[in-house]
Amino acid sequence: VSHHHCFDGINHIIYYGLQNIHIPTMNAIMLSTTFLADKYVLSIVVIALAALLAKYIDLREAMYLMIATFCTVLIIKGFKMQYHIARPPHMLHILGHTSFPSGHTSYITFLVSYLYLRFHALWSDRQRTTLFTLAWCLVLFIMVTRLYLGAHWLTDVLGGACLGLALAYLCYGLLNQY
């Protein structure tokens, strides 16, 4: 299944445009950066963060982070199973067939958004602004890496960012009640 026809034009323009500008040094940078948002790498990061939360802040916060992350991984996987949208041709047989939403984008957006929502009150206004800016620069850069590497269509990364943000707010809202 392909994307809805109304997005095919922009998806193809961006995909084929980026595929024509590959530079070896840039390829290495993009591969290294996209690796940071891999679900296995982020799982290790979440476990480490949960350990730090349990030790220095609150065991409950550590559990919330673990539960929210686990639920997010399941929901993103469910979306991929529900929407059988084919990857761009370059990566179709390397990464598997399901493209929507971008898991890398969903995971990193969820993690930085959830952490910001849960802990922004601990920081000064200046720290909040700096952390928010850095976090969203990372999210945007991950989105660009997924497009540059040919792993996703534009609609995949935009959908992944929206889904990650929605899940962060949902988890925050649900867990903030306790």
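The values are calculated or read from the model by the stated rules, or taken from the named source; none is laboratory data. Keep in mind the model is a prediction, meaning the values are calculated, not measured. When we count neighbours, we look across all protein chains shown, and the Cβ atoms used for this are built from the backbone with ideal geometry, even at glycine. Accessible surface areas use protein heavy atoms only, side chains included; no ligands, DNA or RNA. Shrake-Rupley method; radii C 1.70, N 1.55, O 1.52, S 1.80 Å.
Computed from the C-beta positions of Met26 and Leu59, the FRET efficiency with R₀ = 41 Å rounds to 0.40.
Structure remark: mean-square fluctuation, Gaussian network model of the chain, C-alpha springs under 10 Å; the largest value among Ser102, Ser124, Ser113 belongs to Ser124.
One quarter of the surface of the convex hull around the alpha-carbon atoms of region 37-88 equals 4.0 nm², the direction-averaged projected area.
Using a probe radius of 1.4 angstrom, the carbon and sulfur fraction of the accessible surface of region 136-178 is 78%. Ranking Arg118, Arg126 by solvent-accessible area of protein heavy atoms (1.4 Å probe, all protein chains present), from largest to smallest, gives Arg126, Arg118.
Note down the Stokes-Einstein diffusion coefficient of region 2-46 in µm²/s, whole number, using a Kirkwood radius over alpha carbon pairs, 20 °C, and 1.002 mPa s. Approximately 167 µm²/s, per Stokes-Einstein.
Near Ile85, the amide H atoms lying under 5 Å from its own belong to Ser99, Phe100; only residues 5 or more places off or on other chains count, and H is placed 1.01 Å from N.
A 1.4 Å probe run over region 66-178, with the rest of the protein chains in place, finds 50 Å² accessible per residue. Note on Ala86/Arg126: beta-carbon distance plugged into 1/(1 + (r/R0)^6) with R0 of 45 Å gives a FRET efficiency of 0.50. Peptide packing for 165-174, 140-149 was compared via the average number of neighbouring C-beta atoms within 10 Å per residue; ordered from the highest value, the list is 140-149, 165-174.
Assuming a viscosity of 0.890 mPa s and a temperature of 25 °C, what translational diffusion coefficient in µm² per second does Stokes-Einstein assign to the chain, Rh being the Kirkwood radius over Cα pairs? Diffusion coefficient, whole number: 144 µm²/s. Report, in whole Å, the centroid distance computed from the Cα atoms of region 24-77 and region 122-178. Computed from Cα coordinates, the inter-centre distance equals 12 Å. Karplus-based coupling profile of region 158-163, in residue order and whole Hz: 5, x, x, 5, 5, 5, with θ = phi - 60° in 6.51 cos²θ - 1.76 cosθ + 1.60 and x standing for Gly or Pro. Surface composition of region 1-61: carbon plus sulfur atoms contribute 72% of the solvent-accessible area (1.4 Å probe, protein chains only, all chains present).
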